[in-house]
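**Student:** The structure that follows is given in the form of structure tokens.
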Amino acid sequence: MQIFNTLSGKKEKFLPSNPPEVSFYTCGPTVYDLFHIGNGRTFIMSDILRRYLIYKGYNVKYVMNLTDIDDRIIEKSNSMKTKSSTVATQYSDAFFEDIVRLGVNEADYYPKATDHIADIIHLIKKLEEKDLAYSVNGDVFYSVDKFAKYGILSGKKLDELESGARVDVNESKKSPLDFALWKSAKPGEPYWDSPWGKGRPGWHIECSAMSNKLLGETIDIHAGGSDLIFPHHENEIAQSEGAHGQQFVKYWIHFGFLNIKDEKMSKSLGNFFTARDILQRHSVYALRLLFTQTHYRGPLNYSEELMEAATRGAEKLSNFYHELIGSIDSAETKGGTFNTDIYRDRFIEAMDDDFNTPQAVAVLFDLIKGVNKKNTDEGRISKDSLIDLKSFLDQTAIDVLGIINSEALPTKESSGLSDELIKLLIDLRQEAKKSKHYDYADFIRDGLKNLGIELRDSKEGTTFKIN
Ligand code: AMP
Ligand code: ZN
């Protein structure tokens, strides 16, 4: 298997330290708001990489952190006149609800920075002992000049960075590139006790401390959006390798941006759709198909047209799968054979080549063509071949890519709900919305969706469609 490693700038053979174990850490959300589908792209693609490693027989230990203390959380708590921990809890809960909606498998650990303050302090003390950190009036900074390898990941040169960083005036820092490991608490800010006084951790140190605690000093894969290469991941290397004197990460993986009209989707630019909002209007399988049809490293321009094309593609895959299941029972054992292995080999070849999901998805559409052609040219396919086809789709389109709904889709006749009953639920949802119980309203809508009943809101009211 080949993986593109940001550290070397090329594809490398994947050789984890201790096969079949693989340690895998992805930078997760800062929980100050609902996440958008740009973040969602990173969460979904990271999930697919992990699932493919499992498909290949690796035993993956997968960690995604939650940044639950940070400037943006404090700002939000001030504007909401509440505690920062209340904001963090509210949006952590929302994060967990939304990743389930995105079909993302649960990580082995979701560490939160505030649960690891002791580990963070311990790591900062180690850096101080090694003279890589210094404290000034309750703040602690990393001394970038003292880490010779600084810039190794991003390819940035220290002198160029220094001339570019002059604008960052912070009286306490010895050098403009030095970054905060510990920040002293300003009046009214949340704080923890530390050897340097009351304060809170900087952002970069939490990932170094938590990955070390849960996965050890050297981890196989560390991933995140490409916006994190510099400074976040560069600083993580400086901290972890500075403290432990060991290689921190073997393979650095970075996801391309989800863009809107060629601009990165971000909260600050205001050009975003929350994952929640998109999944009100589109199926998760269509969204995942859209994401997998672009390579994870490349940029992806989101548009409604692309989403509609993906919806048609996802429906085609799903209809094929369910028709296949429907035909197995009545299939003859004597029918023609269909060679699924050719497609299995092509799927593996594509995914082994730096997780080439667009190629892997193309193999699935080719398979549909191949099956249809075989059926028309040579009569029905045998039962054994159909069973093999189904297990191939189960292992690839469902277990790895998550682009087909494996649940049987109910027909109008089998949904078992009369139109009157559905209308009653629509009225109940309306009442819930009126009294601002949006969670209940979403619960009803999602529950109906799982039964194959899609609600459509318009100015005239809500209608439904049975899929
Ligand atoms: P944040 O909550 O901003 O810290 O971001 C959570 C994760 O989403 C990080 O790994 C980011 O790199 C990633 N991310 C943020 N914006 C985008 C985007 N537009 N496209 C892809 N990934 C993104
Ligand atoms: Zn991180």
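The values are calculated or read from the model by the stated rules, or taken from the named source; none is laboratory data. Remember, it's a predicted structure, so these values are computed and weren't measured experimentally. Ideal geometry is used to build each Cβ from the backbone, glycine not excepted, and the neighbour counts take in all protein chains shown. The area values use the complete protein model at the heavy-atom level, side chains included, leaving out ligands, DNA and RNA. Shrake-Rupley method; radii C 1.70, N 1.55, O 1.52, S 1.80 Å.
**Student:** Being under 30 Å from Asn137 (Cβ atoms) and within 13 Å of ligand 2 (Cβ to nearest atom) is the requirement here; does His244 meet it?
**Tutor:** In short, no.
**Student:** Looking only at the stretch 261-272, which residues are surrounded by fewer than 19 Cβ atoms within 10 Å (Cβ to Cβ) and either touching a residue at least 24 places away in the same chain (Cβ under 8 Å) or within 16 Å of ligand 2 (Cβ to nearest atom) (or both)? Give the derivation first.
**Tutor:** Looking only at the stretch 261-272, we keep the residues that are surrounded by fewer than 19 Cβ atoms within 10 Å (Cβ to Cβ), and these are 261-264, 266-271.
Selection gives Lys261, Asp262, Lys264, Ser266, Lys267.
**Student:** Which of the residues spanning the stretch 339-387 are open to solvent by less than 20 Å² (accessible area, probe 1.4 Å) and outside any helix (DSSP H, G or I)?
**Tutor:** Once the filter is applied, which keeps residues that are open to solvent by less than 20 Å² (accessible area, probe 1.4 Å) and outside any helix (DSSP H, G or I), the stretch 339-387 yields Thr340, Asp354, Phe355, Ile381, Ser382.
**Student:** Name every residue in the stretch 6-64 that is of a type in the set (D, E, K, R), within 16 Å of ligand 1 (Cβ to nearest atom) and more than 18 Å from Trp252 (Cα to Cα), in order of residue number. It would help to see each step written out before you state the result.
**Tutor:** Step one: filter the stretch 6-64 for residues of a type in the set (D, E, K, R), giving 10-13, 21, 33, 41, 47, 50-51, 56, 61.
Going one step further and asking which of them are within 16 Å of ligand 1 (Cβ to nearest atom), we end up with 33, 41, 47, 50.
If the condition is that a residue be of a type in the set (D, E, K, R), within 16 Å of ligand 1 (Cβ to nearest atom) and more than 18 Å from Trp252 (Cα to Cα), then Asp33 is the only one that fits.
**Student:** Something else about it: Checking the conditions here, which among Leu287, Leu300 is surrounded by 18 or more Cβ atoms within 10 Å (Cβ to Cβ), more than 13 Å from ligand 1 (Cβ to nearest atom) and either within 16 Å of the chain's Cα centre (by Cα) or within 18 Å of Ser46 (Cβ to Cβ) (or both)?
**Tutor:** Details: Leu300 fails: more than 13 Å from ligand 1 (Cβ to nearest atom).
Exactly one residue qualifies, and that residue is Leu287.
**Student:** Here is a follow-up. Which pairs have Cβ atoms under 9 Å, sit 6 or more apart or on different chains, and link a residue in the stretch 427-438 that is within 17 Å of Arg456 (Cα to Cα) to one that is part of a loop (DSSP other than H, G, I, E, B)?
**Tutor:** Glu431/His437
**Student:** Which strands (runs of 3 or more DSSP E) does the stretch 10-64 wholly contain that include 3 or more residues that are on the phi < 0 side of the Ramachandran plot and more than 16 Å from ligand 2 (Cβ to nearest atom)?
**Tutor:** Working: elements: 10-13, 21-26, 59-64.
Here the list reads 10-13, 59-64.
**Student:** Could you look through the stretch 432-467, keep only residues that are in contact with a Phe, Trp or Tyr (Cβ under 9 Å, 6 or more places away or on another chain) and in a helix (DSSP H, G or I), and pick out the one that is most open to solvent (accessible area, probe 1.4 Å)?
**Tutor:** Out of the qualifying residues, it is Lys433.
**Student:** Which condition does Ala331 not pass, out of (1) in a helix (DSSP H, G or I); (2) touching a Ser or Thr at 6+ places or on another chain (Cβ under 7 Å), if it passes all the others?
**Tutor:** All conditions pass for Ala331, except number (1).
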